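The values are calculated or read from the model by the stated rules, or taken from the named source; none is laboratory data. Everything quoted here is computed from the prediction, not taken from an experiment. Methodologically, a virtual Cβ is constructed for each residue, glycine included, from the backbone with ideal geometry; neighbour enumeration extends over all protein chains shown. SASA here: full protein model, heavy atoms, side chains in, ligands and nucleic acids out. Shrake-Rupley method; radii C 1.70, N 1.55, O 1.52, S 1.80 Å.
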Amino acid sequence: MDRKLLGVIDATTYHEGLEDLIVHRSLAAVPFGGRYRLIDFILSNMVNSGINSVAIFPKFQYRSLMDHLGSGKDWDLNRKRDGLFFFPASVDERDKRIDSFKHFAENKDFFDRSNQQYALISNSFTVFNMDFTPVLERHINSGCDITEVRKDGRSLQMYLIKTSLLIDLIQKREETGYTCMRDVVTDINSPFRLCHYEFSGYAVMIDSIATYFRESMKLLDPVVWKELFVKNHPIYTKVKDEPPTRYFKGSVVKNSVIANGCLIEGTVENSIISRAVKIGKGSVVKNSIIMQKCQIGENCVLDTVVLDKDVKVNSGTMMYGTKELPYVIRKGTVQGALMNS
């Protein structure tokens with residue numbers, strides 16, 4: 001790529017509709033697909049598009065995000081020059097207002113020092129697999145000031161812009177009233193020439209529990225899976241060395257995604273099971289999402305349930321949800337059979 005791109009991931013968003021999953025973590029760090037986090041998709045797409053300098057700007061509960069990303073080694077971003085940069089907000093986490101430009105301004109020296117001519121600014125919660133090289137080519141050839149990536153006519157909240165123009169927007173934020181790129185592109189009086197790039201592949205923004213559950217279940221469709229996880233354009237994630245999953249005698253698994261390190265004694269059907277999950281004898285897990293290190297006792301029934309990380313379900317417990325309103329259990333809690341009475 002002759003003209004280099006700077007990657008900027010705006011991880012300041014807080015979706016109240018996902019509150020049960022983001023009480024203890026950033027939206028960018030929400031698990032997806034059994035072994036990934038939401039940020040893995042945009043970060044991998046940037047790296048696969050030749051971007052070797054990426055800055056992440058988080059605001060809420062970002063400890064787990066930092067732990068997941070580490071030095072950036074798993075994305076080949078642990079470099080002496082450029083690489084992965086992490087700029088947490090210095091504001092009160094209880095303030096849910098979005099003011100990305102203010103956050104950028106606190107770290108303006110990063111943008112001033114960058115030698116990339118263009119910048120790609122993106123949210124952290126879109127699940128997709130995309131090469132940004134054609135977007136850059138279209139942007140340059142069209143002579144646009146800003147190119148917005150869309151899917152079916154709807155903004156994916158990804159913007160390509162000259163780095164110098166981004167710095168100018170940051171500097172003049174108080175004068176213009178712009179707090180983020182969305183403000184810029186939705187201003188009918190904006191002086192900038194806006195163009196659109198329509199993405200034709202699978203892409204969805206995770207902004208509610210219903211969307212999270214629906215799109216997670218779509219991964220069980222081989223057509224969707226193959227469109228999202230492409231061999232020559234991989235989605236990277238933090239590598240964890242764990243043993244293969246063990247399936248005990250009498251266990252049954254149908255149409256499910258099961259990560260490494262699990263112990264399966266019961267029945268799993270149409271579900272996504274993350275690493276190191278234990279499902280006891282006689283238990284049935286259907287149409288559900290079970291996150292890392294959950295323990296499900298014996299003779300339990302879980303149907304249309306989302307268990308966050310480290311949840312313990314005592315033997316004999318039964319939980320049911322619906323596709324529109326799945327039963328969500330928060331991280332680290334204990335569910336007992338007595339709670340059903």
Response to the item:
Once phi for every residue in the stretch 310-322 is put through the Karplus expression 6.51 cos²θ - 1.76 cosθ + 1.60 (θ = phi - 60°), the whole-Hz ³J(HN,Hα) values, with Gly and Pro written as x, are 6, 7, 10, 10, 5, 4, x, 6, 10, 9, 9, x, 10
Worksheet, complete the sentence: Gyration tensor on Cα atoms of the stretch 20-68, a ≥ b ≥ c root eigenvalues, a/c under 1.5 rounded, else prolate if a/b beats b/c, else oblate, says oblate
Item to complete: Would you grab the residues whose amide H sits under 5 Å from the one on residue 258? Only those 5+ places off in sequence or on another chain, please, with H modelled 1.01 Å from N.
Response: 273
Worksheet item: How big is the charge dipole of the stretch 67-161 about its Cα centre, in debye rounded to the nearest 20, if each Lys and Arg gets +1 on its Cβ and each Asp and Glu gets -1 on its Cβ?
Response: 60
Practice prompt. Kindly write out, for the stretch 152-162 in residue order, the coupling ³J(HN,Hα) from the Karplus curve 6.51 cos²θ - 1.76 cosθ + 1.60 (θ = phi - 60°), rounded to whole Hz, with x marking Gly and Pro.
Written response: 6, x, 9, 5, 9, 6, 10, 9, 10, 8, 5
Worksheet entry | Over the chain, relative contact order from alpha-carbon pairs under 8 Å, at least 6 apart, % | 15
Worksheet entry | Å² per residue, accessible surface of the chain at 1.4 Å | 46
Worksheet item: Where does each of 302, 84 land when they are ordered by accessible area, with a 1.4 Å probe and the largest first?
Response: 84, 302
Item to complete: Over the stretch 1-81, calculate the relative contact order: mean separation of alpha carbon pairs under 8 Å at least 6 apart, over the residue count, as a percent.
Response: 40
Response to the item:
Of the candidate values (i) 39, 20, 18; (ii) 35, 23, 19; (iii) 41, 22, 15, the one computed for semi-axes √(5λ) of the Cα gyration tensor in Å from this structure is (i)
Worksheet item: Roughly what % of DSSP beta bridges within the stretch 9-105 run antiparallel, to the nearest 5?
Response: 20
Fill in: Magnitude of the charge dipole, the stretch 245-315, Cβ model with Lys/Arg +1 and Asp/Glu -1, debye to 20
220
Worksheet item: Farthest toward the dipole's positive end in the stretch 256-335, which of 335, 304, 261, given Cβ charges of +1 (Lys, Arg) and -1 (Asp, Glu) about the Cα centre?
Response: 261
Worksheet item: Of all DSSP beta bridges located in the chain, what percent are antiparallel, nearest 5?
Response: 25
Response to the item:
GNM of the chain, Cα pairs under 10 angstrom: of 260, 45, 115, the biggest fluctuation goes to 115
Worksheet item: Hey, if we sort 151, 249 by accessible area with the 1.4 Å probe, largest down, what's the order?
Response: 249, 151
Practice prompt. Positive end of the charge dipole of the chain (Lys, Arg +1 and Asp, Glu -1 on Cβ, about the Cα centre): tell me which of 270, 57, 103 has its Cα farthest that way.
Written response: 270
Discussion item. Compute, for the chain, the length of the dipole vector about the Cα centre, with Cβ point charges of +1 (Lys, Arg) and -1 (Asp, Glu) only. Units Debye, rounded to 20.
Written reply: 940
Worksheet item: In the chain, which Cys residues have no partner Cys with a Cβ closer than 4.7 Å?
Response: 180, 262, 294, 300
Practice prompt. Give the ranking of 139, 24, 233 by solvent-accessible surface, highest area first, calculated with a 1.4 Å probe.
Written response: 24, 233, 139
Worksheet item: Of all the accessible heavy-atom surface of the chain, with the other protein chains kept in place and a 1.4 Å probe, what percent is carbon and sulfur?
Response: 47
Worksheet item: Please state the relative contact order of the stretch 1-156 as a whole percent: Cα pairs under 8 Å, 6+ residues apart?
Response: 34
Item to complete: Could you state how much accessible area residue 214 has, in square angstrom rounded to the nearest 10, with a 1.4 Å probe and all protein chains kept in place?
Response: 120
Worksheet item: Which residue, 304, 267, 322, has the most motion in a Gaussian network model of the chain that connects Cα atoms within less than 10 Å?
Response: 322
Worksheet item: Roughly how much of residue 217 is accessible, in Å² to the nearest 10, using a 1.4 Å probe?
Response: 40
Worksheet item: What 222 nm value per residue comes from the helices of the chain, counting each DSSP H run with n ≥ 4 as -39,500 (n - 2.57) and dividing by all residues, nearest 500 deg cm²/dmol?
Response: -6000 deg cm²/dmol
